[in-house]
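Engineer: Starting off with a structure, shown below.
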Amino acid sequence: MNRITGIIIMTQIAFLAFSQTEALSQNRERSEIAAKDKWKLEDLYPSDDAWNNAKREVVAQFDEMTKFQGKLTSSASTLLECLQLDSEISKEFGRLYCYASMKSDEDTGNSKYLGFKQEMQQLGTDYNSKTSFIKPEIAKLDKQQIDTFIEQQPGLEIYKMALYDILRKKPHTLSKSEEKIVAEAGLLADGPSSIYTVFSNAELPYPEIKLTDGTMAKLTKAGYSRYRAVQNRDDREAVFQAFWGAFDKFKGTFGTELYAEVKKNMFYARARNYESSLHSALDINNIPTEVYMALIENVTNNLDSFHRYLKLKKRMLGVDTLKYSDVYAPVVKGVDLEYTYEEAKKLVLDAMKPLGEEYCRVVAEAFEKRWIDVYPSQGKRSGAYSNGGAYDVHPYILLNYNGRYEDVSTLAHELGHTMQSYYSNKTQPYPTADYPIFVAEVASTFNETLLIDKMLEEIKNDDVRLSLLMNYLDGIKGTVFRQTQFAEFELRMHETAERGEPLTGDVLTKLYGDILKRYYGHDKGICHIDELYTVEWAYIPHFYYDFYVYQYSTSFTASTALAEQVLSKEKGADKNYIDFISAGGSDYPIDLLKKAGVDMTSPEPFKKTMVAMNRTMDEIEAILARKAGNKD
């Protein structure tokens, strides 16, 4: 029932993009950025005082929930009254938490708003503790009794999905007193991720180096993302050495943080009698663990396609040995794919046209009405995300726009999340508006596909096409192969801890390094991995979100199949897609995708992605052959 825990987790994850971009002016103060380029959080609450007043009002309702304890199975009307009040409280809590978390993200070093966020996290634990009786009491009912209650009180219909799901999870539902203890443990649950966020974003002493052109490069997370892609190879190597050297100095601390996160996951899995942390995490959305394992197996069996991509990268860079510090380098010289934010907005709007006028109208509204925080500033959270947790308002987007094509693609990506939140919140009642994490990345990567298709449709210049085609392959590398690599690491580190073995910084580095080298063909001479770079695990925030990353890969394969249907103008494909992003959590994710035309329990979506990948590499090789012929 209550969605408070989900609100906190989803707002923390907030559909982070892996792009860690930063603008040329890395140290710009927030006050220097124009208001039109900053999100308008006043749409949530006009002031901090208004937020505090709303918080006091919702907290005053917490104790009202306790009057239902011991009575939920007594009548349909009592059950309905309880669930309606729970929805009202959860909905307002979501709005409050969005404000607190996004104000904190404007400047992660601002203790005032960090305090707001921490206060909401503690209140969430308090509320979960007070309402911990709900699931155990409902679990005493059977399906027939629930159906009878719905007949007696039709208002319960919108809660049917949640009620049935409680019955499905009955083997993992505890007694009232046990549920209360598990809820109280939430006070500790966010510790590892909160410590990681503050340390890695605000307090880690990031290095500064001088590049060969005289540029002083401050290698924060976002600075690393920018400077790892510079043209000069010696500079790239220097960036990698300095950046990963900074992480390596603190790998003991990062290892302790991550081990604490793994132990938290183990606690919840064991407390609820799950076979493993993986089973516990996937059961939330009724995802078979076979889907996770099949993804790792499919990617492992198709590493030849990934290695083909790496060999292309090596060929186009003209290097004798491809290094890990080369993988982000631009491969086409003389093509500077840079776009102002105004140009990016136009490109994205044009690309979204296959989804209809209404879809494009809302995207334009997001641009015009300040749903988006565009540029980086001192202390701002790195990366990008969409936050759709305020049901009665509108979604928000955090960017760190830097003017590259990658940033245009990130804008399209986050707008995919935003539009799914917009349509689901608009179409679904609150209890079913919150869509499952498993489908969350489908809409985002779908938009990226529409964007690259639009760009390739209009651009005929060979060099620019090469750059865009490689960018598409970079997306597959980053979303399908890299995220599956992360997923395998996440699985293996949990398995290690569940066997009772230690997880120190050194152990994690060795574990990650072995997987990294296998994926990149280090031992086959395909891509050389420096030992220092195997501390990369310490850089990834998603490892604090409990088996999240695999869904980037599965979602990409699903969106590839859906986009193919829309772009080929299959009858009804556009409507099916809009229906999909409007469905919220009205069904389990596997079933939502089946209705949209994609079966994630079969290997077909992955196969289609590999076909698209190899087709793209065929075109690149054809262009390279043509260019070589022209030189002759």
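Engineer: Please express the Cα-Cα pair-distance distribution P(r) of region 535-627 as a list of whole percents, one per 10 Å bin, running from 0 to the bin with the greatest distance.
Structural biologist: 14, 35, 29, 19, 4, 0
Engineer: If you don't mind, there's one more thing I want to ask. Got a number for carbon plus sulfur as a percent of region 506-631's accessible area, 1.4 Å probe?
Structural biologist: Summing carbon and sulfur atoms, their accessible area is 51 percent of the total for region 506-631.
Engineer: Still on this structure, please answer the following. Evaluate the relative contact order of region 491-632 (contact order divided by residue number), counting alpha-carbon pairs under 8 angstrom at least 6 apart; express in whole percent.
Structural biologist: Taking the mean separation of contacting Cα pairs over the length of region 491-632, I get 16 percent.
Engineer: For Lys67, list the lysines whose Cα falls under 26 Å from its own Cα; do not include residues on the same chain fewer than 8 positions away.
Structural biologist: Those lysines meeting the cut-off are Lys55, Lys91, Lys130, Lys135, Lys140, Lys143, Lys160, Lys169, Lys170, Lys176, Lys180.
Engineer: Determine the calculated [θ] at 222 nm for the chain from helices alone, applying -39500 (n - 2.57) to every DSSP H run no shorter than 4 residues and normalising by the residue count; nearest 500 deg cm²/dmol.
Structural biologist: Taking each H run of at least 4 residues, the total per residue is -19500 deg cm²/dmol.
Engineer: In addition: Using only Cα atoms, what is the ratio of the radius of gyration of region 466-508 to 2.2 N^0.38 Å?
Structural biologist: Normalised Rg, Cα atoms only: 1.68.
Engineer: Hey, another quick one. What is the sum of charges, Lys and Arg at +1 and Asp and Glu at -1, for the other residues whose Cβ falls under 10 Å from the Cβ of Leu473?
Structural biologist: +2
Engineer: Right, next: Over the chain, what is the mean sequence separation of C-alpha contacts under 8 Å (at least six apart), divided by residue count, expressed as relative contact order in percent?
Structural biologist: Contact order relative to length: 20 percent.
Engineer: Quick check: Cα centre of region 331-353 to Cα centre of region 354-387, how many Å?
Structural biologist: Centre-to-centre distance over Cα atoms comes out at 16 Å.
Engineer: Take region 382-455, drop everything but the C-alpha atoms, weight them equally and run the Debye formula without solvent; then report log10 I(q)/I(0) at 0.26 Å⁻¹ to two decimals.
Structural biologist: Scattering profile of region 382-455, log10 relative to I(0): -1.17.
Engineer: From the square roots a ≥ b ≥ c of the eigenvalues of the alpha-carbon gyration tensor of region 548-592, which class results: rounded (a/c under 1.5), prolate (a/b over b/c), or oblate?
Structural biologist: oblate
Engineer: Expressed as a whole number of Å, what is the distance separating the alpha-carbon centroids of region 30-45 and region 224-269?
Structural biologist: Distance between centres, Cα-based: 31 Å.
Engineer: Defining a contact as two alpha carbons under 8 Å apart and six or more residues distant in sequence, what relative contact order in percent does region 222-342 show?
Structural biologist: RCO, region 222-342: 30 percent.
Engineer: Also, I was wondering about something else. If you take all C-alpha pairs in region 361-506, what percent of them are over 23 Å apart?
Structural biologist: Roughly 50 percent, once rounded to a whole number.
Engineer: Please say if region 80-162 is rounded, prolate or oblate, where rounded means a/c under 1.5 for a ≥ b ≥ c the square roots of the C-alpha gyration tensor eigenvalues, and otherwise the choice is prolate for a/b larger than b/c and oblate otherwise?
Structural biologist: Here region 80-162 falls in the prolate category.
Engineer: At a temperature of 4 °C and a viscosity of 1.567 mPa s, determine how fast region 286-375 diffuses translationally according to Stokes-Einstein, using the Kirkwood radius over alpha-carbon pairs as Rh; express D in µm²/s, rounded to the nearest whole number.
Structural biologist: 73 µm²/s
Engineer: Over the chain, with the other protein chains present, what is the accessible area per residue in square angstrom, probe 1.4 angstrom?
Structural biologist: In whole numbers, the chain has 39 Å² accessible per residue.
Engineer: While we're here: With a point put 7 Å past each Cα toward its Cβ, work out how far Lys40 is from Glu604 in nm, to one decimal.
Structural biologist: Reported label-point gap for Lys40 and Glu604 is 4.5 nm.
Engineer: Next question. Grab the other residues whose beta carbon is less than 10 angstrom from that of Leu322, score K and R as +1, D and E as -1, and report the net.
Structural biologist: Charge balance in the 10 Å sphere: +3.
Engineer: Then there is this: Using only the alpha carbon atoms of region 48-197, find the Kirkwood hydrodynamic radius as the inverse mean reciprocal pair distance, in angstroms to one decimal.
Structural biologist: 16.9 Å
Engineer: Using every pair of alpha-carbon atoms in region 516-584, split the distances into 5 Å bins beginning at 0 and state the percent of pairs per bin, rounded to integers.
Structural biologist: Reading the bins upward from 0: 3, 13, 13, 14, 13, 12, 10, 10, 9, 3, 0.
Engineer: Mind listing P(r) for region 133-217? All alpha-carbon pairs, 5 Å bins, whole percents.
Structural biologist: Using 5 Å bins, I get a P(r) of 3, 12, 13, 12, 9, 9, 8, 6, 6, 5, 5, 5, 4, 3, 1, 0 for region 133-217.
Engineer: OK, next. Compute the signed sum of charges (Lys and Arg +1, Asp and Glu -1) over the other residues within less than 12 Å, Cβ to Cβ, of Glu81.
Structural biologist: So the surrounding residues net to -1.
Engineer: Still on this structure: If one computes P(r) from the Cα atoms of region 422-510, what percent of pairs lie at distances over 18 Å?
Structural biologist: 66 percent
Engineer: With the cut-off at 1.5 for a/c, could you classify region 219-337 from its C-alpha gyration tensor as rounded, prolate or oblate?
Structural biologist: Oblate is the answer for region 219-337, as a/c is 1.5 or above yet b/c matches or exceeds a/b.
Engineer: With angles folded into 0 to 90 degrees, how steeply does helix 550-567 sit against the dominant principal axis of the chain? Use alpha carbons for both and round to 10.
Structural biologist: 80 degrees
Engineer: Give the peptides 477-488, 61-72 in descending order of average Cβ contacts within 10 Å, highest first.
Structural biologist: 477-488, 61-72
Engineer: Ordered by packing density, taken as the mean number of other Cβ atoms within 10 Å over each peptide's residues, highest first, how do 496-506, 379-389, 301-311 rank?
Structural biologist: 379-389, 301-311, 496-506
The values are calculated or read from the model by the stated rules, or taken from the named source; none is laboratory data. Please read all numbers here as calculations on a predicted model, not as lab measurements. Note that each Cβ is placed from the backbone with ideal geometry, even for glycine, and that neighbours are counted across all protein chains shown. Side chains included, ligands, DNA and RNA excluded: accessible areas come from the protein's heavy atoms. Shrake-Rupley method; radii C 1.70, N 1.55, O 1.52, S 1.80 Å.
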